[in-house]
Amino acid sequence: MSALDALEARVVACRRCPRLVAHREAVARTKVARFRTWDYWGKPVPSFGDPRARVLVVGLAPAAHGANRTGRMFTGDESGRWLYRALHATGFANRETWERGDDGLRLRDAWVTAVGRCAPPANRPTSGEIAACRPFLVEELGLLRRLRVVVVLGQVAHAGFLAAYRAAGRALPRPLPRFAHGAHHRLPDGLVLISSYHPSQQNTFTGRLTRPMLDRAFRTARRFAATDVTR
Ligand code: SF4
């Protein structure tokens, strides 16, 4: 078993946050009518993608009836539909699919993770829960050795990633990179941080985030990933 596989196995077994353990398991028991025939995952959701990825995608946390049901990051809800469509459009995914974990989706050069691995009530993990989950992201940063670019989806992921980056012992620039859709920052070790609005319905239904905007963020990621940097 690779170190990354071992890490993800520890993620799946984690019960560190009592509120989230109770919530993810209650949702898995009660379900919703449209998914009543599903056997919900109901556990922390492991990261998904290419272990040799140069691009890391950081989301917020699994959706109650999305990844908490299917067991794969961003799978089974509208946010995932937007994310995987964009990853496919920009050459990071072999197909445009987001509905279930056994659909044959494979990522190339991208690794999808989140600052929280368990579905939180009202889609809002507390700062303490994000801090409790941070060591997993810190470990991933060490294990993804080819990483060159990080795309953060939303402000909470932006802040959570920077905290993990610091916890990994890497120097942060001053002033700290601010979140703004489409902005990119070169971090002191050469990693490029790209910010994007989260593809939540709150953003996509209102037109705050459009498909071309999301595609552009991943095209930028691809361009920087292909650029040699010294780290
Ligand atoms: S959110 Fe992270 S730390 Fe908390 S129980 Fe889930 S996997 Fe564990």
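Per-atom-type breakdown for the range 165-231 gives carbon and sulfur 51% of the accessible area (1.4 Å probe, protein chains only). Taking a ≥ b ≥ c as the square roots of the Cα gyration tensor eigenvalues, the range 41-80 comes out prolate, since a/c reaches at least 1.5 and a/b is larger than b/c. In the assembled protein chains, Arg95 presents an accessible area of approximately 110 Å² (probe radius 1.4 Å).
Entry note, the chain: relative contact order of 21 percent, from Cα contacts under 8 Å with a spacing of 6+ residues.
Counting only protein chains, not ligands or nucleic acids, how are Asp39, Asp77, Asp102 ordered by accessible area (probe 1.4 Å), most first? Numbers along the way, then the final one.
On the way: Asp39 135, Asp77 35, Asp102 115 Å².
The ordering from most to least exposed comes out as Asp39, Asp102, Asp77.
For the range 14-114, carbon and sulfur atoms together expose 48% of the accessible surface, with a 1.4 angstrom probe and every protein chain in place.
DSSP beta bridges fully contained in the chain are about 30 percent antiparallel.
The alpha carbon centroids of the range 171-231 and the range 45-82 are separated by 17 Å.
Pop the C-beta distance of Arg186 and Phe35 into the FRET formula with R0 = 41 Å and round what comes out to the nearest 0.05.
That pair, Arg186 with Phe35, gives E of 0.45.
Calculated mean residue ellipticity at 222 nm for the chain: -11500 deg cm²/dmol, from DSSP H runs with n ≥ 4 weighted as -39500 (n - 2.57), summed, divided by the residue count and rounded to 500.
Determine, for each peptide in 155-161, 23-29, 168-174, the mean count of other beta carbons within 10 angstrom over its residues, then list the peptides with the highest first.
Ranking, from highest mean packing down: 155-161, 23-29, 168-174.
Taking every DSSP bridge with both residues inside the range 110-210, close to 40 percent are antiparallel. Quick one: grab the alpha carbon gyration tensor of the range 1-86, order the square roots of its eigenvalues as a ≥ b ≥ c, and give me rounded if a/c is under 1.5, else prolate or oblate depending on whether a/b is larger than b/c. Oblate shape, in that a/c is at least 1.5 and b/c is the bigger or equal ratio. When each of the peptides 119-127, 200-208 is scored by how many other beta carbons lie within 10 Å of its residues on average, the order from highest to lowest is 119-127, 200-208. Note on Ala122 and Ala159: the model spin-label points, each 7 Å out from Cα along the C-beta direction, lie 1.5 nm apart.
Summed over the residues of the chain and divided among them, the accessible surface reaches 46 Å² per residue at a probe radius of 1.4 Å. Once the mean of 1/r is taken over each pair of separate Cα atoms and inverted, the chain shows a Kirkwood hydrodynamic radius of 17.5 Å. Let a ≥ b ≥ c be the square roots of the eigenvalues of the Cα gyration tensor of the range 106-194; is it rounded (a/c under 1.5), or, if not, prolate (a/b larger than b/c) or oblate? In terms of gyration-tensor shape, rounded. Counting only heavy atoms of the protein chains and using a 1.4 Å probe, Glu96 has close to 90 Å² of accessible surface. For the chain, the longest principal axis of the Cα atoms and the long axis of helix 18-30 meet at an angle of about 50 degrees.
The values are calculated or read from the model by the stated rules, or taken from the named source; none is laboratory data. All figures in this text were calculated on a predicted structure; none of them were measured in a lab. Heads up, the Cβs are rebuilt from the backbone with ideal geometry, glycines too, and the neighbour counts pull from every protein chain shown. Areas reflect the complete protein model, heavy atoms only, side chains present, ligands, DNA and RNA absent. Shrake-Rupley method; radii C 1.70, N 1.55, O 1.52, S 1.80 Å.
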